[in-house]
Structures are given as structure tokens and as C-alpha cells.
Amino acid sequence: MQQYCENLTQYKRLVTREVKIGNLLLGGNNPIRVQTMTTTDTMDTMATVEQSIRCIEAGAELIRITAPSKKEAENLQNIKDELQKRGYNVPIVADIHFTPNAAEIAAKIIEKVRVNPGNYVDKKKFEQIEYTDAEYDEEIERIRERFSPLVLICKEHGTAMRIGTNHGSLSDRIMSRYGDTAIGMVESAMEFLRIARSLNYHSIILSMKSSNPLVMVQAYRLLINHMMEEFGECYPLHLGVTEAGDGEDGRIKSAIGIGTLLEDGIGDTIRVSLTEDPELEIPVCRDIVKRYQNTGKSTVIKGFIPAIDQLPYSPFEYKRRATFEVGNIGNKQVPVVIADLSKIEKITPLHLQSVGYTYNEQTDKWAISDMAADYIFTGNQLLNFSLPGTVKVIVYPATWQLTEDKQTYYPIYEDSGYVDAEVTSNKLNFVMIDCFSDDTPVNDFTFLDELANDPTVVLCLSSTNKQAVLSVRRMMMELIIREIKNPVVFITDSNWNTADEHLIHFATETGALFLEGMGDGICLSMTTTAYNNAANTAVSGRNYIANASVEQFINNTSFSILQAVRTRISKTEYISCPSCGRTLFELQETTAKIRAVTSHLKGLKIAIMGCIVNGPGEMADADFGYVGSGVGKITLYKGKEIVKRNIDSAIAVDELINLLKENDVWVNS
Ligand code: SF4
């Protein structure tokens, strides 16, 4: 066991305790289970049953249903009966916040309860309280008294439990002692876990969700580390990124958070929280999980990566790898985006529109968007038109030698090609390194020393190894160990088919590395087969990228990944809840409305939350919040502070705009 996973250089799933949820086995040697949560009113039995069935038919292996009070908890019996009558025995999970009495009822009816340790006993008032150790222990004793009855009911009825910590809803007690941190999240769950274990109850699953994939990944890793240290064993883990939003961004954020952990062999069940109908979450879950299918607990995917004993960085905290600057790449510069236009036969100014540059013939000027690529890779093409000054072109060395414009064009070499080249740029050379793409053992890294710390070299790392993330990460470790400070661009090719598959592939393979503080640039691309397929049908088939060219789709994806890992902010960020039976307004429609009027406010974080019970806590670090506070009523927040209470939903979007104007963050689009 390494600090947080079984193996840092070979895929191996973390061994966890097996838990039985109804007829479903989770953890242990079982496949990674996929699940979702209904959005209907729990008191509307038929609507909840119908929606559950749609989710089950889509492949959900567990269905979570909110139980905000005793009456909803009791109605779970009717829902369960109706589902069974129709031949569906998928385990049901009751989602509990604040209401132990609802949990105790639900635990006698259905197969699993989810409790949030941030609000099961504690009420959140956003207060900073100084506790002495004795006072803190008293609080733990109070939790024991309130939580133990539920544990004993679960034990008696064979009901499983998820102790589900959310970054956004840590209790005031935890916040006061640990702050808004990953370790606070871990301790929040560990307090409940210790109580359950002391009662000899072990049917437990844990989660550490956050809307920020970085916090989420660190919290899960820390949790494993703490469980192994304290108990010598690990309980199964339910992975998810909360309030991920919808469309492309929701998928990317989820794939980065969940995918990073799955790459480490961590995770026994997943939920992708999208502000979309719950049955639409399941195909995304399946796309994420299928990369790891048929890889039982001890199965190793082929491809040789040299082992490493000690990580040369901390996996529990973010620190960007130290690099020097080459041109505008590396050091404190935001990661650059390289757009691959090499598959376009003859590049024209119109093609640049898909990567953020729009040419106006009348004024002879270029308009540059916030998501304009910094470099374009054209393969062997020199362009016959002038480019805007902010974009540079990367070409193969032979083509580079043909041009006199050495201010715009820069060469890209194979690794040994650079060392052997007679002529190179005196400013900027891109050098490709293939990381462990075959089964031949590589234990000699001296080739890196030939490139090391050359002040003109940007390294471009890629791998066709089936464990590409682990391969590239291993090479990054070698760079760190050898104190090689050249900036690094990650090059990732996708050979998948659908838009979702491409998004998940790109997000997992690069996002996981950026979350480790690695990477000074990104270059995404498709294999020729995937490109031709995408250019015809697959990519344009999804509404969130309607009519996008492949180049535009990839360029947007690059910027969205950098935004999701918070290394380069190029657009507005939306933190929207997936909705559930507590939701007080049409969340999908409202999110679309708010997005339509605010999408030009680059860098602003806007939360759109369905209810005031959980919404304000779960909004995480949003700048402004739009929260349902009653039927037809919206409450607006600035940070955690209420600024407009219970306004009519008909005027709420306009009021949000007014609020943004009052706070000088509004600009006309
Ligand atoms: S914030 Fe959204 S998903 Fe969470 S409980 Fe409220 S309505 Fe449900």
C-alpha cells in the first residue's frame, strides 16, 4: 500500500470491505457500481417510481431518493412496494439531511440510508466557535447519542449506510477546528465512522464530495490514508463531484474528479451529478467506468511503467511544479492551449474562428475571444495569410526550416530528433517524449538529461500506453526527481466515438495530471479515425456542442478542463445542484436562463440551488447564489450572505442581474 493507493505505476484497485445493499454487493471484488438520484417529489409515489424505472432501465444499480421529513421517509414503503410490484428490486437509498427521525424510519424500510455528518446532528449557522478539547469531546458524545440509534436500527435490519461528507456542508464545529479543508472533510466522516465501528457495524460506504475536483480528490486520498492508519482497512468509497452543473462542463468536472481517483484504483461506486434528468447521468457514469472494466482487483493492464518507491510530491496538497519560462509557457504563466489544425487540408482564416479568432474582412482586424488558442499546430502547413499577433504556429522541423518567419513559427521535434538536429530555434523548441508506450522496460532516463534545462525547450509528453495517466505521471516524477525544470505540455489523443467518450477521455487523462500541479499546456487531438467519425456525426450529435466543428469542440474542451482544474479561468462558472425532491423551481430551465444572460461574465462563480435547506451550504465558494426559498420564491446571496430574500421567481433573474450591477461585476455583452 502506497500513501493512498495500491500502486502508483500499475493499475490496481484498492481492496475495500465488501458491503451488501439488498441483493447488491459493493466493494470487495465487485464491479464499480453506478447510481443516481431521483428529482421528483418523494410524496408523488407514481412520478418517483416512473423516474426510478427510467434510471434502472438506463443501468442504475442503486436509486437514491430524498427523505426530508418523516412523511417522505414513510412513503418510501409505497415507492418500494410499487417498484417491486413492477418487478424492480434495485436497492433504494434514502437521502437524509438534518432529520435523524426520518433516517430512523427509512432505515427500517429500504436498503441503505445516506447521512451527511455535516448536518445529521449539528445545525449550521456559519458560526466560528472556539472549542476547548473537553468541549469538543462533549460534542462528539452528543453526536454518539444521536447517531447510535440509527446505527443500531441499520444493524438490526441489515441496512447499509453511506456517511457522505460534502465540502459545502461541513458543520460549524468542524469548520471551527479544521477550516474549510480536505482534512476537515475526512475528520467529519471519521467521527461518525468511529462511532459505527464501536457498535460493531460495518455496512458502511463513505464519500467526500465537493464541487471542486481538486478538493474532492485530496479528501478521498486523505480519507484512505487515515482509514488505513487507524483501522488497517478501508471501507468502500462512493465517488462524485457535487453541483457539477450540466452539459460539457458537468461532464468534464465529474470525469476529472472521479476519473483521477479511478485511475488510482480508488472507488467502488460512482454518481455523476448533472443538472439534467437523472437517467441522463447513467450513460456518463458508464462511459467513465468502462475504462476500468474487466480489471478485477488484482488485474494489471499491460504496459510497462517503472516502479517508484517514493512520490516526489505530496498527493494531498496542491503545489504547481516549479518550471522556468520559455516564451509564454511555464513558471507563473497560465497553461497554454495548443489547437491541432493539422487534419485540415487547407487552413483558411475561417478555420481560426473555431479556435477563438474571428477575422473581419472589412476592418482587416481579428476579434480574439477569451477562449482563443495560444498556439496552433499545422503539421506541414505554412499559412498564406497573416495571423493575429497573439497566436503562434507549431510545425514539423523540415517545414519550419522553409519559413523565414521565425517569430511566428516554431518547430516540434521527436526527442532524439532535437538532440541530433543541425538547426533549432534559438527561442522555442517543442520536443515530444513518448512515455512508456510499449512493454519494453525502460530504466534508463539519461535521455532526459540531454534536454534538461535547455532554456528553449518545452517538453510535450504523451503516451499510448493503456495506462497513459500513470505513464505520463511517472515521467513527470522523473523530471521532478532529476530537477528538470522545463515546462511541460500534455498531448492527448482520443480514439473514442461519441462526444461524451471524448470529453471523458480528455478530462480524465489530462485533468488528473493538472490536479497534481503538473502541466504548463494542453494539446488535445483525435486519431484520424475518430476525427473523421466526429467530423461527420458523433460530435455534432449532442446539444451542448451543437454545430461545433471538431476543432471547436476540442478547443472548448481544452479551456473547460483548465477551468475545471482552476488553472486558467476563461468563462463564467456555474455551480448548479442536480435537483431532487426538495427542489422548489424548474432547475434546468432556470439554469439555462441564467446561463444565457451571464455567460459573458468571465471568472464569476454563480450558484443555482434548488432549496434553501441545503443550497446555501452546498454553494461552496460561489460569488453569488440563486436559491429556491419557497414555492415561486427565490433568495439571492452574495457569497454566504443573503441580500434579497423571497423575491418572486418571475423577476428573480432580473434581480440577479441588478445585484451583479450593484456589485460592479456586470459588463454588457
Ligand atoms: S440543493 Fe438541490 S439537490 Fe441539494 S437538497 Fe436542495 S434541491 Fe436537492
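Odds and ends about this structure:
- Rounded to whole Å, sorted largest first: equivalent-ellipsoid semi-axes of the stretch 485-640, Cα gyration tensor: 33, 20, 12
- Packing-based order for 50-61, 239-250, 619-630, using average beta carbon neighbours within 10 Å, highest first: 239-250, 619-630, 50-61
- With bins 5 Å wide beginning at 0, the percent of Cα pairs of the stretch 103-213 falling in each bin runs 2, 12, 23, 24, 18, 12, 6, 1, 0.
- All other residues whose Cβ lies under 11 angstrom from that of MET190 are scored, Lys and Arg at +1 and Asp and Glu at -1, for a net of -2.
- The peptide list 376-387, 104-115, put in order of mean Cβ contacts within 10 Å with the highest first, becomes 104-115, 376-387.
- J(HN,Hα) series, the stretch 416-432, from Karplus relation 6.51 cos²θ - 1.76 cosθ + 1.60, nearest Hz, glycine and proline x: 6, x, 5, 4, 8, 5, 7, 10, 9, 6, 8, 10, 8, 10, 9, 10, 7
- Per residue, the average separation of C-alpha pairs within less than 8 Å and at least 6 apart gives the chain a relative contact order of 13 percent.
- An ellipsoid equivalent to the stretch 204-276, defined through the eigenvalues of its Cα gyration tensor, has semi-axes of 23, 10, 10 Å when rounded to whole angstrom and sorted largest first.
- Kirkwood estimate for the stretch 454-519, i.e. one over the average of 1/r between Cα atoms, Å: 12.6
- Percentage relative contact order, the stretch 577-669, counting C-alpha pairs under 8 Å, at least six apart: 22
- Rounded to the nearest 500, the 222 nm mean residue ellipticity of the chain from helices alone is -11000 deg cm²/dmol, with -39,500 (n - 2.57) taken per DSSP H run of at least 4 residues.
- Within the chain, no helix built from a complete DSSP H run reaches 30 Å or longer along its own axis (Cα positions) while carrying a mean Kyte-Doolittle hydropathy of -0.5 or higher.
- Low-density loop positions, trypsin sites (Lys or Arg not before Pro), the stretch 338-423 - DSSP coil, at most 11 other Cβ in 10 Å: LYS346
- Taking only Cα atoms of the chain, radius of gyration then Dmax in Å: 25.6, 80
- Applying both filters, DSSP loop and at most 12 other Cβ atoms within 10 Å, to the chymotrypsin sites (Phe, Trp or Tyr not before Pro) of the stretch 62-127 gives PHE126.
- Positive dipole terminus of the chain, leading residue within THR446, PRO31, SER560 (C-beta point charges): PRO31
- Using equal-weight Cα scatterers in the Debye expression, the normalised intensity of the stretch 39-165 in log10 at q = 0.09 Å⁻¹ is -0.29.
- Mean projected area (nm²) of the alpha-carbon convex hull when the stretch 141-193 is viewed from all directions: 3.8
- Solvent-accessible area per residue, Å², over the stretch 211-342 with all protein chains present [probe radius 1.4 Å]: 31
- Listed by chain and number, the lysines placed with their C-alpha closer than 30 angstrom to that of LYS108 are LYS20, LYS70, LYS71, LYS80, LYS85, LYS123, LYS124, LYS155, LYS209; residues fewer than eight positions away on the same chain are left out.
- All other residues whose Cβ lies under 11 angstrom from that of LYS427 are scored, Lys and Arg at +1 and Asp and Glu at -1, for a net of +2.
- Placing a label point 7 Å from the Cα of VAL665 along the Cα-to-Cβ direction, the residues of the stretch 611-628 with a backbone N closer than 16 Å are 616-627.
- Each Cα pair under 8 Å and six or more residues apart adds its sequence gap; the mean of these over the residue count of the stretch 518-655 is a relative contact order of 15 percent.
- The P(r) of the stretch 565-669 has a tail past 19 Å containing 36 percent of all C-alpha pairs.
- Projected over all directions and averaged, the alpha-carbon convex hull of the stretch 141-283 occupies 9.2 nm².
- Stokes-Einstein diffusion coefficient of the stretch 314-382, Kirkwood radius over Cα pairs, 25 °C, 0.890 mPa s, in µm²/s: 169
- Since only ASN663, ASN426, GLN84 are under comparison, the one whose Cα sits farthest along the positive direction of the charge dipole of the chain, derived from C-beta charges on Lys, Arg, Asp and Glu, is GLN84.
- Within the straight-line cut-off of under 25 Å between alpha carbons, the lysines reachable from LYS346 are LYS365, LYS392, LYS406, sequence neighbours fewer than 8 places apart in one chain being disregarded.
- Value of Rg/Rh across the stretch 60-112 [Cα atoms, Kirkwood radius]: 0.96
- Expressed per residue, the C-alpha convex hull volume of the stretch 329-451 stands at 148 Å³.
- A cut-off of 5 Å between modelled amide H atoms, ignoring neighbours fewer than 5 places along the same chain, links VAL643 with LEU636, TYR637, LYS638.
- Partner aspartates and glutamates for LYS640 [C-alpha distance under 14 Å; skip if fewer than 8 residues away on the same chain]: GLU127, ASP172, ASP180, GLU618, ASP621, ASP623
- Protection proxy ranking of 635-643, 167-175 - average other beta-carbon atoms within 10 Å, highest first: 167-175, 635-643
- Relative to the globular-protein estimate of 2.2 N^0.38 Å, the Cα radius of gyration of the stretch 227-335 stands at 1.35.
- Computed extension length for SER437-LYS85: 121.5 nm, one decimal, from 0.36 nm per residue of separation with the Cα-Cα distance subtracted.
The values are calculated or read from the model by the stated rules, or taken from the named source; none is laboratory data. Only a predicted model underlies this, so the values are computations on that prediction, with no experimental measurement involved. Note that each Cβ is placed from the backbone with ideal geometry, even for glycine, and that neighbours are counted across all protein chains shown. Side chains are part of the model used for accessible areas, which takes the heavy atoms of the whole protein and leaves out ligands, DNA and RNA. Shrake-Rupley method; radii C 1.70, N 1.55, O 1.52, S 1.80 Å.
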